[in-house]
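Below is one structure, written out as structure tokens, with a few remarks after it.
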Amino acid sequence: MTTRSRATTVATHGAMILLVLTAVVPVYWMIVTAFRPEIEIFSLRLLPQQPTLENFAFVLTAIPMLKMLGNTFVMAAATALAQILTGLFAAYALTCWRFPGGKVVQSLIALSWLVPFQVTMIPNYVLSTKLGLLNTTTGLVLPNAAAAFAVLVLVNAMKSFPRQVIEAARMDDAGHWRILWEIIVPNLRPAIASLGVLAFISAWNEYFWPLLLIRKIEDSVVQIGLQMFMTQEGNQWGPLMAAATLASLPVFGLYLVLHRQVIDSFMKSGLK
Amino acid sequence: MTEIAISQLRKEFAGTAAVEAVDLSIRSGEFLVILGPSGCGKSTLLRLIAGLEDATGGRIQIGGTVVNDLEPGRRGCAMVFQNYSLYPHMSVAANIGYALKVAGVRRAERQGRVEDVARLLELDHLLDRKPGQLSGGQRQRVAMGRAMVRNPQVFLFDEPLSNLDAKLRASMRVEIKRLHRRLGTTSVFVTHDQLEAMTMADRMVLMNKGRIEQVGTPQDLFRRPASVFVAGFIGTPAMNLVPGRIVSDGTLVADGGWRLGGRWPLNPHTPVTVGMRPGALRLTAAPADGPVFRADLCEDLGSELHLHATSAELDLVVALPVDARPPSGPFGLTVEPEDLHLFHGETGQRVDPLPALQGDTAWQMQPSFT
């Protein structure tokens, strides 16, 4: 190895290590802070000297944390599922059917991605109120049940799926429903898994919409719960970090289960 | 028994005709090969029969039923695709049996039929594998099995051998022909490989620019090409095509003042294209009038020699027996009049010679060589 290429390798690895640290340190700090007693909260030590579970105990008693975690899980899972379903249907129509204005529709969907939440927030709120969806999980899920991002990801994935395989299924007399579920979807698992993870995380982190829609703390989601520990008198860092740690666990879990498919879908641009 | 009748079929893509005014009748049990260069519309024609493309105009009948508005799966056709198009996530057995599953055939019966087909195609030991774990030839056979299991009325093949190596292609060619003989199902086979077409076809269709140039047996197309295009496309090495004209005494003169034989029903001064198969040309001594050739290059194919002969105006290929000695000096070429193919210079259509008259010596007016 030449000196130059070794220097390049060291520099590249150094940069990557720095990036990893940037991503990992805040998470690590959140977890250790959750285990620190109050007097140690601002300590710069890497590990708590007297690790304690009192912050977790406080969180679980101060707010209905488990109920909120459950609500958030149901809401995020339903949102992710709905986005995948609507995305699959839309992507199938846009890639497998030729119809006038198809490209325009696809462009409009892409453009709708650029519309900020703040623009649709008020009309969505009014609509939800009129439909009687205040304080309901359905109300949380419905406005996000279809996402431009999901449609675009799945359109791209389906475009790279060999067209002749779909034609072979048509020759085998499979209808659209069968072609979608029995031929395309099993081959798009990596794309669907990564989309699912992203949609789940995005819904999990949702703050504004639940804040508007949900009035009762026990019907609310975990991001609202976190806010309970940030008060005008100052933040309760220990419980806040404990609640944040609890709030992160399902997302970590999901990623651990699906990480292979997620990485697969980022690595592969198409099917072999 | 299933015949296919196509009349005035037309397919346009964005205003451009890919298939135009196609009339074709495919007999029941026939093995018909559609041949042509890339972009000639042969695959589009097959896809129109399959129902994978909607016709812009015209009518397709399969077994007496107009199928223009029927879904591909309802036309009684099974198709073998160029890239096999197996379902990547399904086992070989599931791939073969998928059409039966869609048709609602019960699992036990399905399994039996899949096993029968697999045995016939020698795939029975591979039934649990996924397509990704198979070789090209095995995938090809799975694709065949998937088509066969439905007992279709018509088999459609879209260049199914083009991804195989030469040896495997030759053996699959024989295998497909044997299967056809055994099953007797009407088959339409698309290829750009004329060897495939010539060896497999009961009848051939040669297409060019969306239209049918000629329909006939392989011998018809080889021996009596209907147009310059057919003449130039069929045969390896390709037929020598030389510009020429009919002179005032009604005889044929090719470029370079080469007087050729035959009596032709054309007016004097009509421009023509003369076709001569490389194997029909004979070497002679250099003539006093007419083109004098020199050997430019000689290719030894093992079974025969291809001599590239050049004169001031002409470049011709001559096929010689492998033991022939290419001439080192100038030489002439001659061809029997019955081996000449004449095409009208403007329309490109074949012109048949007039029957030879008693004592007619027109073709003998070429210089005599020793």
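Take each peptide in A:217-228, B:214-225, B:152-163, count the other Cβ atoms within 10 Å of every residue, and average; sorted highest first, the result is B:152-163, A:217-228, B:214-225. For the pairs A:130/A:216; A:67/A:130; A:159/B:130, flag any whose C-alpha to C-alpha distance is greater than 25 Å. Result: A:67/A:130 exceed 25 Å. Pull out a ≥ b ≥ c, the square roots of the eigenvalues of the alpha-carbon gyration tensor of the stretch A:110-161, then state rounded if a/c is under 1.5, prolate if not and a/b is larger than b/c, and oblate in the remaining case. Oblate, since a/c reaches 1.5 and b/c is not below a/b.
Across peptide B:51-58, the average count of Cβ atoms from other chains found within 10 Å of a residue's Cβ is 1. Relative contact order for chain B: 15 percent, from Cα pairs under 8 Å spaced at least 6 residues apart, divided by residue count. Farthest towards the positive end of the charge dipole of the protein assembly as shown, among the residues A:177, B:17, B:40, is the Cα of A:177, using unit charges on the Cβ of Lys, Arg, Asp and Glu. Under 28 Å Cα to Cα from residue B:209, which lysines show up? Leave out anything in the same chain fewer than 8 places away. Leaving aside lysines fewer than 8 places away in the same chain, those within reach of residue B:209 are B:11, B:42. Against the compact-protein benchmark of 2.2 N^0.38 Å, the Cα-based radius of gyration of the stretch A:162-237 scales to 1.93. Convex hull volume of the C-alpha atoms in the stretch B:1-146, normalised per residue: 141 Å³. Start at zero, step by 5 Å, and the Cα-Cα distances of the stretch B:200-308 spread as 2, 10, 16, 18, 18, 16, 11, 6, 2, 0 percent across the bins. Excluding same-chain neighbours fewer than eight residues apart, the aspartates and glutamates reachable from residue B:177 by a Cα-Cα span under 14 Å are B:30, B:196, B:202.
In order along the stretch B:152-163, the Karplus-derived 3J(HN,Hα) couplings, from 6.51 cos²θ - 1.76 cosθ + 1.60 at θ = phi - 60°, round to x, 7, 9, 9, 10, 10, 9, 6, x, 9, 6, 9 Hz, and Gly and Pro are given as x.
Computed 3J(HN,Hα) for the stretch A:117-125, one whole-Hz value per residue from the Karplus formula 6.51 cos²θ - 1.76 cosθ + 1.60 where θ = phi - 60°, is 4, 4, 6, 8, 4, 5, x, 4, 5, glycine and proline marked x. Using just its DSSP H runs of length 4 or more, each adding -39500 (n - 2.57), chain A gives a mean residue ellipticity at 222 nm of -22000 deg cm²/dmol after division by all residues.
In the stretch A:53-269, inverting the average of 1/r over every pair of distinct C-alpha atoms gives 19.2 Å as the Kirkwood radius. Remark on chain B: hydrodynamic radius 23.3 angstrom, per the Kirkwood mean of 1/r across alpha carbon pairs. Seen against the Cα atoms of chain A and their longest principal axis, helix A:148-159 is set at about 50 degrees.
Computed from backbone phi, the HN-Hα couplings of the stretch B:33-48 come to 10, 9, 10, x, x, 4, x, 7, x, 5, 5, 4, 4, 5, 5, 5 Hz, rounded to whole numbers (Karplus: 6.51 cos²θ - 1.76 cosθ + 1.60, θ = phi - 60°; Gly and Pro given as x).
Helix B:92-102 and the longest principal axis of the C-alpha atoms of chain B enclose an angle of approximately 70°. Summarised in one figure, the compactness ratio Rg/Rh of the stretch A:1-148, Cα atoms and Kirkwood Rh, is 1.16. Alpha-carbon geometry of the stretch B:64-110: the Rg and the Dmax are 13.1, 37 Å, given in that order. When chain A is treated as a Gaussian network with alpha carbon springs shorter than 10 Å, the biggest mean-square fluctuation among A:192, A:184, A:84 belongs to A:184.
Relative protection proxy for B:22-34, B:54-66, A:96-108, from highest mean packing down: B:22-34, B:54-66, A:96-108 (other beta-carbon atoms within 10 angstrom). Size estimate for the protein assembly as shown follows the Kirkwood approach: the inverse of mean 1/r over distinct Cα pairs works out to 31.4 Å. For the peptide A:157-166, the mean number of other protein chain Cβ atoms found within 10 angstrom of a residue's Cβ is 3.
Computed over chain B with a Gaussian network model linking Cα atoms closer than 10 Å, the most mobile of B:120, B:48, B:100 is B:120. Amide H contacts of residue B:227: B:350, each under 5 Å away and 5 or more positions distant or on a separate chain (H built 1.01 Å from N in the peptide plane; Pro and chain starts excluded).
DSSP beta bridges confined to the protein assembly as shown are antiparallel in about 75 percent of cases. Remark: mean inter-chain Cβ contacts per residue of B:78-90 equal 5, using a 10 Å Cβ-Cβ cutoff to other protein chain atoms.
Between the stretch B:263-327 and the stretch B:229-254, the C-alpha centres lie 12 angstrom from each other. Contact order for chain A, expressed relative to its length and based on alpha carbon pairs under 8 Å spaced 6+ residues apart, stands at 31 percent. The angle between the Cα long axis of helix A:3-34 and the longest principal axis of the Cα atoms of chain A comes to about 60 degrees, rounded to the nearest 10.
None of the figures in this text is laboratory data; all of them are computed from the coordinates on show. From a predicted model like this one, the values you see are computed outputs, not experimental measurements. Positions of Cβ are backbone-derived with ideal geometry, glycine not excepted, and every protein chain shown enters the neighbour counts.
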